[in-house]
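The values are calculated or read from the model by the stated rules, or taken from the named source; none is laboratory data. It should be emphasised that the depicted structure is a prediction, and the values quoted were computed from it without experimental measurement. Positions of Cβ are backbone-derived with ideal geometry, glycine not excepted, and every protein chain shown enters the neighbour counts.
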Amino acid sequence: MDFQQMLAARLHGLREQQGWSLEQLAERSGVSRSNISNIERGQSSPTAVVLDKLATALGVPLASLFTHEPEESVSPCRRAEDQPVWTDPQSGYQRRHLTALPQAPLQMVEVRFPAGQSVQYAPQPLPTHWHQQIWLLEGEMQIESSEGQWQLRAGDCLCMSIEGGTRFMNPGSTPARYLVALVRSTN
């Protein structure tokens, strides 16, 4: 199954778990019914902003849209060729979901962020509290949230909540690459 089909099935499954129609998800997310329908049929490549709105409405972290539903015999090892990769058609930013087990309390994502690009995520009121650590491996990033503003260089690591709105920007002239570790809070 390619990434677009996996995303389509995952979004459809999450919507059905809520017992929502396309119209109900559209109303809660601010994403048009036709756009959601196209995504669920694998006929549209949504932007990061659209996926963020859908994840927020469904009450799940964005990273959960990039994983399969748990299967009975999922290997704890996810080979590089099996790691889902998604590219935002608007900014060109790319996410590679590294974690093999969707139910694992720690989720890891590799991000490649083009020079001169930015992505704005809306606040995410989630039923479970999530924290993230962002370890910048290459390049530079500017990150703004309700918690503050940070200018990161290679080697820097930032700890923050994902509930507040966040803006990611690459002010540099070269692509940035960073690792995001997401963990569910026990509080």
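Taken together, the criteria place residue 107 among residues that are in contact (Cβ under 8 Å) with a residue 40 or more places away in the chain, touching a helix residue (DSSP H, G or I) at 6+ places or on another chain (Cβ under 9 Å), surrounded by 16 or more Cβ atoms within 10 Å (Cβ to Cβ) and part of a strand (DSSP E or B). Would you say residue 30 is closer than 16 Å to residue 103 by Cβ and not hydrophobic (A, V, I, L, M, F, W, C)? Answer is no for this residue.
The set of residues from the range 128-153 being among the β-branched types (Val, Ile, Thr) and part of a strand (DSSP E or B) comprises 134, 143.
When each of 140, 147 is tested for being modelled with pLDDT under 90 and farther than 15 Å from residue 61 by Cβ, the lone residue that passes is 147. Selection of the range 68-88 for residues being at pLDDT below 85, exposed (fewer than 10 other Cβ atoms within 10 Å of the Cβ) and small (Gly, Ala, Ser) yields only 73. In summary, residue 44 fulfils each of the numbered conditions (1) surrounded by 16 or more Cβ atoms within 10 Å (Cβ to Cβ); (2) in a loop (DSSP other than H, G, I, E, B); (3) in contact (Cβ under 8 Å) with a residue 12 or more places away in the chain; (4) not assigned by TED's automatic domain parsing to the domain that holds residue 130 with the single exception of condition (3).
For the range 88-104, name all the residues that are assigned to a strand (DSSP E or B) and touching a residue at least 24 places away in the same chain (Cβ under 8 Å). The answer is 95, 97. Checking the stated criteria, residue 172 turns out not to satisfy the condition of being of a type outside the set (A, V, I, L, M) and loosely packed, with under 14 Cβ neighbours inside 10 Å.
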